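Heads up, the thing below is written out as structure tokens.
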């Protein structure tokens with residue numbers, strides 16, 4: 001079953017709705033100047049309210065390691081997500097699992113009715129495979145202010161699924177590295193995205209919001225249900 005991360009959480013009510021709906025992870029964005037920025041003072045009480053098998057994830061962008069570690073300790077985070085230009089080496093030295101975001105452009109046009117082959121995203125993913133616990137494929141578009149974002153090419157994620165690569169020791173479930181799919185996902189398209197991409201997990205922010213920083217609870221419930229029913 002595909003795991004689900006509900007990201008951009010800013011309050012305990014939204015977090016508990018996501019948990020009750022079956023979310024596997026809750027994301028907190030510690031990136032200053034972004035619409036869903038939170039501080040440790042906001043996040044620590046939310047994390048304390050989470051049940052033991054829901055993972056709190058901190059999102060960072062080119063922050064110094066000392067800053068990341070201090071926030072992780074203060075909030076009792078259990079995973080880190082790096083969204084900036086961090087090198088593979090920058091992802092090392094942490095006691096928590098690290099998720100590295102790899103940003104993709106819009107889907108390329110098909111060539112004579114066939115999907116265009118993209119080698120460049122694969123090269124970028126390969127740089128991080130042995131340095132991180134998972135790769136999150138996201139859009140290269142700027143942070144959403146509440147508007148819908150265009151989905152990335154789901155078939156790019158599919159090439160990292162086990163039926164395309166030899167089984168390796170780095171990742172669970174036959175994945176050479178677990179792939180998390182993000183960007184432009186909504187309750188209306190997430191089931192199709194899972195069927196096409198076969199990701200380890202999906203991640204959503206604006207696709208389940210009433211407005212930036214506040215979740216639409218019905219959308220949260222529908223998103224999680226649709227993601228988990230897909231095969």
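So which residues in region 1-44 are farther than 18 Å from residue 68 by Cα, out of contact with any strand residue (DSSP E or B) (no Cβ under 6 Å at 6 or more places or on another chain) and free of Cβ contacts under 8 Å to residues at least 60 places away in the same chain?
Listed by number, the residues that qualify are 12, 13, 16, 19, 20.
From the set of residues in region 182-201 that are in a loop (DSSP other than H, G, I, E, B) and crowded, with 24+ Cβ neighbours inside 10 Å, which is nearest to the chain's Cα centre (by Cα)?
182
Please verify whether region 202-212 includes one or more residues that are surrounded by fewer than 20 Cβ atoms within 10 Å (Cβ to Cβ) and in a strand (DSSP E or B). It would help to see each step written out before you state the result.
First pass over region 202-212, keeping only residues surrounded by fewer than 20 Cβ atoms within 10 Å (Cβ to Cβ): 210-212.
Those still in the list that are in a strand (DSSP E or B) too: 210-211.
Looking through region 202-212, at least one residue is surrounded by fewer than 20 Cβ atoms within 10 Å (Cβ to Cβ) and in a strand (DSSP E or B).
State the number of residues belonging to region 45-71 that are in a helix (DSSP H, G or I), closer than 22 Å to residue 221 by Cβ and touching a strand residue (DSSP E or B) at 6+ places or on another chain (Cβ under 8 Å). Write out each step before concluding.
Step one: of region 45-71, the residues in a helix (DSSP H, G or I) are 45-49, 65-71.
If we keep only those that are closer than 22 Å to residue 221 by Cβ too, we end up with 46-47, 49.
Checking which are touching a strand residue (DSSP E or B) at 6+ places or on another chain (Cβ under 8 Å) leaves us with 46-47.
Going through region 45-71 one residue at a time, the tally reaches 2.
Readers should treat all values here as calculations from the given coordinates under stated rules, not as data from a laboratory. Only a predicted model underlies this, so the values are computations on that prediction, with no experimental measurement involved. Counting neighbours? That spans all protein chains shown, and the Cβs are built from the backbone with ideal geometry, glycine included.
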